[in-house]
1. If you place +1 on the Cβ of every Lys and Arg, -1 on the Cβ of every Asp and Glu, and leave all else neutral, what size is the dipole of segment 62-195 about its Cα centre, to the nearest 20 Debye?
2. Want the number for Leu45 to His345: 0.36 nm per residue separation, take away the alpha-carbon distance, what's left?
3. Please turn the phi angles of segment 341-357 into ³J(HN,Hα) values with the Karplus equation 6.51 cos²θ - 1.76 cosθ + 1.60 (θ = phi - 60°), one per residue in order, whole Hz, x for glycine and proline.
4. Would you mind calculating the gained length between Thr332 and Gln402 on full extension (0.36 nm times residue separation, minus the Cα-Cα distance), in nm to one decimal?
5. Name the residues whose placed amide hydrogens come within less than 5 Å of the amide hydrogen of His347, ignoring near sequence neighbours (fewer than 5 apart) on the same chain.
6. In Å, what Kirkwood hydrodynamic radius results for segment 154-346 from the alpha-carbon pair distances?
7. By DSSP, what percent of the beta bridges with both residues in the chain are antiparallel, rounded to the nearest 5?
8. Among the aspartates and glutamates, which have Cα under 14 Å from the Cα of Lys30 when same-chain residues fewer than 8 positions away are ignored?
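Values quoted throughout were computed directly from the atomic coordinates according to the rules given, and no laboratory measurement underlies them. In this text, all values refer to a predicted model and were calculated from it rather than measured experimentally. Because the Cβ atoms are built from the backbone with ideal geometry, glycine has one as well, and the counts that use them run over all protein chains shown.
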Amino acid sequence: MNYESVKVTINGTGFAADYSARTYSMIPHKNGVTIDLAGVTSGRLENAQRFASEHGISQPFESHEEMVETISPDIDNIACANFAHGPYTIEAAQAGVPVIVLEKPPVIWPGYQEGRTADSATRKRESMQYLETVLDAVRESGSKLLYAEDFVYLDGVKGLIELLIESQQVGKGKVLYQRGVCAHQGSHAPAYDTPTLSGGGALFNKACHPLGPCLFLKQVEGILRNGRPIRPQKVSAVALQVLKHQPPESGEHFRVIQNVDDFGRITVVFDDQTVAELVGHDLSISGIRNELSIITDSAQYDIRVNPNNENELFLPDGSAAGNLLFREKLPTPQGTSFPRPNQFHAHGYVNEMSDAVDCALQADRYPQSGALMAWDTMAVLMAGYESSDNEARFVDVTEYCQGREFEPEEMPDPHVFGKVFQRTD
C-alpha cells in the first residue's frame, strides 16, 4: 500500500479516547507516513467538539456511523462506553474500515440495553451469541480486529515471548502458573457504576487486564509447541461488593461502588491443566497497581508495570508538584512515590497502536491481539460471573473455547510480535 497518511477516527472523549489520541503522536516513525486524526464522535456533540480542539482532530461528529462513512478511516478506535462496543464494531466493519481497534471488554450482555433481567448463565450464553455476530461481521467484511488489551503489548510480555521462543530450542517453554492484578481506588467514569453502560465491575473491567496476557501467553506457547493455541477449559471466580457494606468512614479515600462489584478474583484452568489467577479491585488506596508474575518450566518472570521502583521521589510538601501526575490514579504526590515517566509507553499503549498502524500499512499484517483474544476473554469473564453466583464452583468454557474456529490471521504470530532484548552475538 502506498500511503501518505493514515486516517484515524476515535469514538469517545473519556480516558480511553484521551490516551488513544495522545498515543498516536508517540508511535515510531513509519516510513514517512503521517497519522491524521481525522474525526471524533461522542454521545454529546459538544464533548466531541471540545475533544477535537484539545487534540488537533480535524472534525467532530454527532454519530459514529456518519463519521466512518464521511471519513473512510484506515483505523477506527472504539474507545467509548462498553455498551457501544458491539454496535460500533459492526458499523465500522460494514463501512469497510480496514483496522478496527476495539477497547476492552469487547461487548456487554445485550439484555441490558433491552431492559431485561436474566441469570448469569443466560447472560453468558447471550453475550457469547452476540459477540459471535460482531466477530462474524468483522470477518465477513475483511476488516482486521485489534482487541486493545494493552497488557498484551507490554514490553515485558514481548520479552517473555522472546524467551519462550528460545526455550523451545532446548525442550522448555511451558508456562505453568500465572498471576496478575489490576487495581485502583475506583473509576470516576459515570458509566462504570452503571451496569447497562459498563457491563460489570472490577471482575469485568479490571481483572480483564491481567487476564489478557495470561490468555495470550498460553496461545503463543501452544502455537510454538504444536501450531495450536492452548485455550481455557474451566473458570472459578468471585465478584463482591466490599466497600458498599462498610461504614461510611471506610470509603473516604475510594469511590464507593453501589451497583457493580468492586472486587473480582478469577482462576482459569487451561486445557493443558496449567493455571492463571487474576485479581481486579477498587480497593487500592495508593493509586494504580498493575502486576504480572509468570512461572515457566525454566524461569520466573515478574513484570511490575506500576508501581515500579525504577524511579523514586520524595516530596515533603505535595504542593511543589503542581498538577503533575507521577503515577496513574496516585491520590497525592506528597511523601515517597515511584513516578512512572512515559506511562503510555510503560502500559503498552504505544506498542498497541503501533500494531494497528502496521496492520493498516501492510495488507498481510494482522493484529497480535485479535478476535481469538476477544472471544476467550469474554468467555472467561462471563463464566466468572456465573461461577460467582454459584459459590465459586468451576464453570466449563470448552463449549465456547473449542466451539468456534479461528482463522490463522485471527491468532497471534509470536515471530512477528516484536523484539525488546539485545543479543550477545
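1. Once rounded to the nearest 20, the dipole reads 860 debye.
2. Here the answer is 105.0 nm.
3. Result, rounded to whole Hz: x, 6, 4, 5, 6, 4, 8, x, 5, 5, 4, 5, 6, 5, 4, 4, 5.
4. Residue separation times 0.36 nm, minus the Cα-Cα distance, leaves 20.5 nm.
5. none
6. That comes to 18.2 Å for segment 154-346.
7. Once the DSSP bridges in the chain are tallied, antiparallel ones form about 55 percent.
8. The reachable aspartates and glutamates, counting only those whose Cα sits under 14 Å from Lys30, are Glu4, Asp355, Asp358.
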